[in-house]
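J.: My questions will all concern the structure given below.
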Amino acid sequence: MFRSRSKDDAATPPVDEEPRGRDPQAPKGRPTPKRSEAEALRRAVVKPPTSRKEASRRAREARRAALTKQREALLSGDERHLPSRDRGPVRRYARDFVDAKFHVAEFFLPIAVVILIMSMLPSIQARNIALLLWLVVIVMIVFDSILMTRRLKKRLRAKYPDESLRGASAYALMRTMQMRRMRLPKPQVKRGEEPR
């Protein structure tokens, strides 16, 4: 117990280390982390937080880094860092299905602005036309949404029979209501292309 370390180390025979399981020339089976990720991980592992303030600062930085990765993934379409609501092959197919075609709902905002301007005009005819246009646009959006949902469900059942399709239709409907250039994740297919 009170002996010096050198004597203690000399007394115990060296334990044979097990040979490494992987050949240095063989591929390691995982991607090399980015330098910034490796440094951030090393910093986090090296020292535990010393105070609540330090812990909250680290948590805030980690949350900010995760949100930055998520934002980049939404812009690039990288599946690994997408939010959970956008992940998976079913959601990707639903996005591509919506992005490949024109939908009435995506033009709702510009049409609504035109209708609003027409309803503010002093002419009674312009107001009546605006009211009629509201009705026509709403009926067209409902009709287009029903058709799109039925076609999407049919395609998803055929392509992914074992996957859960829960929420895919609502996800696609919400995507149709956004103008194409404002959609996140960004569209990965052009109009007229077949969904992947």
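J.: Of the residues that make up region 100-119, is at least one over 18 Å from MET179 (Cα atoms), of a type in the set (A, V, I, L, M) and touching a residue at least 24 places away in the same chain (Cβ under 8 Å)?
T.: No, that holds for no residue.
J.: Turning to a different aspect of this structure: Could you grab me the full set of residues in region 96-112 that are touching a Phe, Trp or Tyr at 6+ places or on another chain (Cβ under 9 Å) and surrounded by fewer than 16 Cβ atoms within 10 Å (Cβ to Cβ)?
T.: Listed by number, the list holds a single entry, ALA112.
J.: Another one. How about region 118-143: which of its residues are open to solvent by 100 Å² or more (accessible area, probe 1.4 Å) and under 14 Å from PHE102 (Cα atoms)?
T.: PHE143
J.: For ILE115, state whether it is in contact with a helix residue (DSSP H, G or I) (Cβ under 7 Å, 6 or more places away or on another chain), open to solvent by less than 50 Å² (accessible area, probe 1.4 Å) and farther than 13 Å from HIS103 by Cα.
T.: Yes, satisfied.
J.: Restricting attention to region 45-86, report how many residues are touching a residue at least 40 places away in the same chain (Cβ under 8 Å), open to solvent by less than 90 Å² (accessible area, probe 1.4 Å) and part of a helix (DSSP H, G or I). Outline the logic, then answer.
T.: Quick first cut of region 45-86, residues touching a residue at least 40 places away in the same chain (Cβ under 8 Å) only: 73-77, 82, 85-86.
Filter once more, keeping what is open to solvent by less than 90 Å² (accessible area, probe 1.4 Å): 73-77, 82, 86.
Filter once more, so that each one left must be part of a helix (DSSP H, G or I): 73-76, 86.
Matching residues across region 45-86 total 5.
J.: Quick check on VAL189: is it over 23 Å from VAL114 (Cβ atoms) and surrounded by 11 or more Cβ atoms within 10 Å (Cβ to Cβ)? Spell out how you get there, then give the answer.
T.: Working: over 23 Å from VAL114 (Cβ atoms): yes; surrounded by 11 or more Cβ atoms within 10 Å (Cβ to Cβ): yes.
Criteria met by VAL189.
J.: Separate question: Could you tell me which of the residues LEU152, LEU184 is open to solvent by less than 20 Å² (accessible area, probe 1.4 Å) and either in contact with a Phe, Trp or Tyr (Cβ under 9 Å, 6 or more places away or on another chain) or touching a residue at least 40 places away in the same chain (Cβ under 8 Å) (or both)?
T.: Numbers: LEU184 fails: open to solvent by less than 20 Å² (accessible area, probe 1.4 Å).
Step by step, each of LEU152, LEU184 is checked, and only LEU152 is open to solvent by less than 20 Å² (accessible area, probe 1.4 Å) and either in contact with a Phe, Trp or Tyr (Cβ under 9 Å, 6 or more places away or on another chain) or touching a residue at least 40 places away in the same chain (Cβ under 8 Å) (or both).
J.: If you check ILE146 against the conditions, is it open to solvent by 80 Å² or more (accessible area, probe 1.4 Å), over 34 Å from the mean Cα position of the chain (by Cα) and not charged (D, E, K, R)?
T.: no
The values are calculated or read from the model by the stated rules, or taken from the named source; none is laboratory data. Treat the numbers as computed from the prediction; the structure is a model and nothing was measured. Using ideal geometry, Cβ is built from the backbone for each residue, glycine included, and neighbour counts are taken over all protein chains shown. The accessibility values were calculated without ligands, DNA or RNA, using every heavy atom of the protein model including side chains. Shrake-Rupley method; radii C 1.70, N 1.55, O 1.52, S 1.80 Å.
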